[in-house]
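Each reported figure results from applying straightforward, stated rules to the coordinates on display, with no laboratory input. Since the structure is predicted, the reported quantities are computational estimates derived from the model, not experimental observations. When we count neighbours, we look across all protein chains shown, and the Cβ atoms used for this are built from the backbone with ideal geometry, even at glycine.
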Amino acid sequence: MPFQQPAERRRWKTNERPTSNIQHRILKIFLRNNFKLDIKTILNKAVDSARSTLSEHESKQILQAYGIPVVKETVARSVDDSLAGANDIGFPVVLKGLGANLAHKTERGLVHTHLKTLDDVRSAAEIIEQNAGDDLEGFLVQPHIEGKREWIAGLSHDEQFGPVIMFGAGGILTEAISDVTFRLAPLSYEDAQEMIHEIKSSALLDNFRGEEKIDRTQLIQVLTGLSNLVQDHPEIVEVDINPLITTPAGKLLAVDALMVVDNKQEEIIAPRRDFQPDDLRPFFYPKSIAFIGASSTMGKWGHMLVANTKSGGYAGELYLVNPKGGKIVGEEASKSLSDIHDPVDLAIVTIPAEHVISLIPQLKAKGIQHMLLITSGFSETDSAGKKREKELVASAAEAGIQILGPNTMGICNPHVALNCTSLPVQPRPGSTALISQSGNMGTQFLAFAEHQGIGIRGFCGSGNEAMTTIEDFLEAFEADELTKTVMIYIESVKNGRRFYETARRLGKIKPIILMKGGQSQAGIKAAASHTGALSTDAGVFNAVCKQAGIVKVEQSMDLLDLAAAFSSLPLPRGNRAGIMTLGGGWGVVTADLCNEYHIDVPDLSPDLIRQIDSLLPPFWSRSNPIDLVGEHNDTLPLTIIEALLKWDGCDAVINLGIMGRKHLAGLYVDAVRQSDAMYEPEFLDGIKEAQTVFEKRYVEKIARLMEIYQKPVIGVSLLTDAMDRTTYVVENCPYKGIFYTTPERAVKTLAKMVEYSEYRL
C-alpha cells in the first residue's frame with residue numbers, strides 16, 4: 001500500500017568502516033580517553049575568562065587529542081624564554097605571538113619565519129611585542145617546517161545543517177583560490193576519501209617536485225578527527241587549520257590553528273513531529289473533496305481548481321462551498337460547510353487569508369482533518385502575514401488538522417485522475433514523484449512531463465510549508481511502493497538536518513533529482529576563520545547533496561531528462577559507453593562530450609571488431625564510436641546495439657540518428673509529391689508508414705534488449721517535431737525508449753546516472 005511506514009531507519013555513525021579497521025577504532029578511543037580531561041580543562045578555562053576564541057596552543061592541544069598531527073612547539077612567556085625555546089628546538093625556527101585575541105597573526109605582523117640565530121629571535125620577539133600590545137600573552141616557538149604544499153582543513157557551523165567539515169588548498173591564498181569542498185558531520189571514512197579527491201588541486205596529493213605523495217590515511221584521520229571532535233564537543237563551532245603543511249616526506253603537520261567556542265551552541269538534531277507517511281494519504285487519495293471558496297468566475301482560483309479537478313476525471317465526491325450558493329461548474333453549491341451532510345476527506349481552501357483561521361472550528365466540527373490551503377497572504381508577505389500563519393498553525397494543530405500550504409499551487413495524483421492544480425494538465429500515471437516549493441515551477445514541470453511522456457506518481461506544491469514540509473513528503477515517498485524516482489525543486493528547507501538524514505536513507509533505494517533556486521553568495525557571514533568565510537550556502541548544500549546521493553542539476557530541462565531516464569532505464573554498472581551513430585560528426589561530438597563528463601569511450605575489442613566487419617563495409621572506422629557509414633539496413637542498428645550490450649567492455653549504449661528518420665523521410669516524400677508526378681500518393685504514403693512502423697519496432701526491441709542485458713540504451717533523434725516525446729512506453733516491459741534531441745542531453749543524463757549508480761554501489 002502507498003504511504004506505509006518505512007522500514008527501521010539506519011543510524012549513520014562517524015567514521016563508519018568495516019570491522020577490519022579495528023586498529024583505527026582502538027586508536028580513536030585511546031586518544032579520546034587520554035586527553036578528555038585536558039580538553040574539558042581548556043574549554044572551561046575559556047568559559048571562565050569569557051573568551052570565545054582559544055589560543056593557537058590551546059587549539060592544537062585539542063586537535064592532537066583527536067589524532068590530528070600538530071607541529072612541535074614551546075610556549076614562552078618572555079623574550080628570554082623564547083630564546084631558550086629556540087635553542088632547544090634547533091634552528092631555523094618560527095616565532096609567533098600567543099594570545100586568545102590574536103586570531104589573524106600574519107596580518108598583524110606576529111609571525112616570523114626562517115629565524116636562524118638568537119639575534120633573529122630576539123629582534124622578532126621585540127617586533128611582536130610592539131605589534132600585539134596588550135593582547136600578547138606570550139610566544140610560540142616552532143621548528144621551521146619546509147614543504148611546498150599547503151592545505152586547509154576546518155569546521156564551521158551551518159544554521160540549518162549543523163557542523164560542516166571543510167578541506168581544500170590552503171596557505172595565504174586560500175580565500176582567493178577557494179578550492180575547497182565540504183561534508184556534514186558525522187563524516188564517514190568514505191566521505192573523507194571523496195573530499196580529498198574532489199578538490200581541483202588533488203593532483204598535488206601525489207608526488208610533487210621531488211616530494212613524496214601525501215599520506216592519505218593521515219589526511220583522512222585529520223578530517224574524521226574534526227568530525228569526532230565536534231560530535232564530542234558541539235560547543236566548538238569553528239576550527240581553522242591553515243596551513244596544514246605537507247613535509248617533503250609526505251607527512252602532514254598543522255602549523256597554525258584557530259578554534260572558536262560557543263557555549264550556548266546546541267547540537268543540531270533532526271526533530272520529528274508526530275508524523276507517519278500515511279498521514280499524507282488523504283491529500284493524494286481523497287474519497288471526497290470540499291472546495292471552500294468555490295467560484296463561478298473564470299480565472300479565479302475557486303473556479304480553476306474545481307474545473308480542472310472535474311474535467312480531469314476524478315471519481316470521488318465533490319462539494320462546493322460559497323456563501324451565495326448557486327450553480328458553480330454545473331454543480332449546486334452549499335452556502336456553508338455545515339450544509340454538507342456526507343463525510344469529507346479533504347478541504348481545498350481559496351478564501352482570503354484573513355478568514356482562514358475562522359474556518360478551523362468549522363473543519364473540526366465537520367471532522368475534516370486535512371486542508372489544502374491554496375490562499376496566499378501569509379509568511380511569504382510581511383510580519384503581519386507571518387503572525388497570521390503562526391496563529392493558523394497553532395489553531396490547526398490544536399484541532400488536529402493538517403495543513404498543506406499555504407500559498408501552494410495544489411496537488412496531483414494521476415493514479416486516481418486527481419488534478420487539483422491551476423493548469424488543466426493530464427500527465428500519465430507513472431513512478432516519478434514531484435515536489436516543488438515553487439508553484440510556477442511545479443506546474444511547468446507537470447506540463448513538460450505530460451508533453452514528454454514522463455509518468456507522474458504524484459505532485460505537490462509545498463508552498464510555505466507551514467505544517468507539512470518537504471521532509472514529510474520525502475518520508476512518505478520513501479515508504480511509497482509506487483514511487484521509483486523523486487524529483488524536487490527547492491529553495492530552502494525547514495529542517496536541514498532532517499532533510500539530509502531522510503534524503504540519505506531515500507537516496508540508497510530511490511534516485512532523488514534536485515534543482516535548487518537561490519544559490520547566490522548572499523548570506524555569507526563575516527567569520528573569524530577562513531573556514532567560516534568559505535562556507536557559502538551553496539557549498540554546504542552541495543555537500544548535503546553529495547553525501548545523500550542526491551543528483552543535483554542546474555537547469556530545468558536536466559531535471560526532466562533525468563526523471564525520464566531514471567524511471568525508464570536500468571542503472572549503468574560503470575562509466576563505459578559504446579556509441580553508435582548514423583553519421584561521423586555526431587559520433588565525434590558525442591565522444592568529446594563523454595570525455596568532458598567523465599564517461600569512458602573504450603576501444604572496441606578485437607572480437608567485436610571482427611563481428612562488425614561482417615556487417616559494415618570495409619571502410620568503417622573499426623573504432624568506438626561506430627559509424628554506420630550511411631547504411632540504411634533496418635536490422636543493422638539493432639544488431640550492433642545488441643553486440644555492444646553483450647560486450648563486457650560496455651556499460652551503456654548511446655545511439656544517434658536512428659529515431660527521427662520518419663521525419664526525414666516525410667520531408668523527402670513531400671518534396672517528391674510536389675515535384676514528381678510519376679509517384680502515386682499511395683506509394684509515397686506507404687514510405688511514411690513503413691518508417692513509422694520501423695521506429696515503433698525499434699523502440700520495442702531496444703526496451704527488450706535492456707531487459708535482457710540490464711544496461712541502459714539512450715537515444716538521440718535525427719529530427720523531431722512538436723508531437724515527439726522523450727519517453728516511449730513499451731507494453732509489458734519494465735523499461736521504455738528514451739530519445740533526446742541533442743547529444744549533450746544524452747551524455748549529461750548518462751553521466752548523472754553513472755554518478756548515482758556509483759553512490760548506490
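Hydrodynamic estimate: the Kirkwood radius of region 227-368 over Cα pairs, inserted into Stokes-Einstein at 4 °C and 1.567 mPa s, corresponds to D of 64 µm²/s. Note that region 382-387 has calculated 3J(HN,Hα) couplings of 8, 4, 5, x, 4, 5 Hz, one per residue in order, obtained from phi through the Karplus relation 6.51 cos²θ - 1.76 cosθ + 1.60 (θ = phi - 60°); glycine and proline are x.
Counting only residues at least eight positions apart within a chain, or on another chain, the aspartates and glutamates with an alpha carbon under 16 Å from that of K688 are D634, D670, E680, D721, D724.
Calculated on the Cα set of region 74-143, radius of gyration then Dmax: 10.6, 29 Å. Here region 729-750 is scanned for amide nitrogen atoms under 17 Å from the site 7 Å beyond the Cα of Q710 along Cα-to-Cβ, giving 734-736.
Close amide H partners of L514, meaning residues 5 or more places away or on another chain with modelled amide H under 5 Å apart, are I488, V551, K552, V553. Could you pull out the GluC sites (Glu not before Pro) across region 362-400 that fall in loop regions by DSSP (anything but H, G, I, E, B) with no more than 13 other Cβ atoms inside 10 Å? Here the sparse-neighbourhood loop sites are E380.
Below 8 Å between Cα atoms, with a sequence gap of 6+, how large is the relative contact order for region 577-760 in percent?
Computed value for region 577-760: 24 percent relative contact order.
Qualifying GluC sites (Glu not before Pro) in region 463-503, where qualification requires a DSSP coil assignment and no more than 11 other C-beta atoms within 10 Å, comprise E481.
Nearest 10 degrees, 0 to 90: what angle lies between the long axis of helix 636-646 and the longest principal axis of the chain (Cα atoms)? Once rounded, the angle reads 40 degrees. Over region 294-386, the reciprocal of the mean inverse Cα-Cα separation, the Kirkwood hydrodynamic radius, stands at 14.2 Å. Projected label points at I609 and E354, each 7 Å from Cα along the beta carbon direction, are separated by 8.1 nanometres. Dipole size of the chain about its Cα centre, with +1 on Lys/Arg Cβ and -1 on Asp/Glu Cβ: approximately 1420 debye, rounded to the nearest 20. Compactness of region 577-760 is given as radius of gyration and Dmax, 17.1, 61 Å, from Cα positions. Across all directions, the average flat footprint of the convex hull enclosing the Cα atoms of region 277-566 is 15.5 nm². Dividing the convex hull volume of the alpha-carbon atoms in the chain by its residue count gives 212 Å³ per residue. Here is the list for region 108-178: trypsin sites (Lys or Arg not before Pro) lying in DSSP coil, each with at most 14 other C-beta atoms within 10 angstrom of its C-beta, are K116, K148.
Along region 726-731 the Karplus relation, 6.51 cos²θ - 1.76 cosθ + 1.60 evaluated at θ = phi - 60°, assigns HN-Hα couplings of 7, 10, 10, 6, 10, 5 Hz to successive residues, with x for each Gly and Pro.
Mind scanning K364/K494; K310/K364; K287/K701; K105/K264; K264/K386 and naming the pairs with a C-alpha gap bigger than 29 Å?
In this structure, K287/K701 lie more than 29 Å apart at Cα.
Over region 139-251, Cα pairs under 8 Å with separation of 6+ residues give a relative contact order of 38 percent. Rounded to the nearest 500, the 222 nm mean residue ellipticity of the chain from helices alone is -12000 deg cm²/dmol, with -39,500 (n - 2.57) taken per DSSP H run of at least 4 residues.
Measuring nothing but how far apart in sequence close Cα pairs (under 8 Å, 6+ apart) lie, relative to its length, the chain scores a relative contact order of 10 percent. Amide H contacts under 5 Å for Y740: G715, V716, S717, restricted to partners 5 or more places along the chain or on a different chain, H placed in the peptide plane at 1.01 Å from N. Could you tell me what percent of the DSSP beta bridges with both partners in the chain are antiparallel, to the nearest 5? If I count the DSSP bridges inside the chain, around 50 percent turn out antiparallel. How tilted is helix 681-709 with respect to the longest principal axis of the chain? Cα atoms for both, answer in degrees (0 to 90, nearest 10). Between the helix axis and the principal axis of the chain, the angle is about 40 degrees.
Placing unit charges on each Cβ (+1 for Lys and Arg, -1 for Asp and Glu) gives the chain a dipole about its Cα centre, and among S556, G250, L628 the Cα reaching farthest toward its positive end belongs to S556. Label-to-label distance, D48 versus S78, with points set 7 angstrom from Cα along the beta-carbon direction: 2.5 nm. Placing a pseudo-label 7 Å from each Cα along the Cα-to-Cβ vector at D685 and K116 gives an inter-label distance of 9.7 nm.
In this structure, the amide hydrogen of L604, modeled 1.01 Å from its nitrogen in the peptide plane, lies closer than 5 angstrom to those of N624, counting only residues at least 5 positions away or on a different chain. Phi-derived couplings, Karplus 6.51 cos²θ - 1.76 cosθ + 1.60 at θ = phi - 60°, listed residue by residue for region 478-488: 4, 7, 6, 6, 7, 7, 10, 9, 10, 10, 10 Hz, with x used for Gly and Pro. Measuring against 23 Å, Cα to Cα, the residue pairs K484/K662; K324/K366; K662/K736 contain K484/K662 as the ones spanning a longer distance.
Here the extension length gained between E332 and A203 equals 39.2 nm, from 0.36 nm per residue of separation less the Cα-Cα distance.
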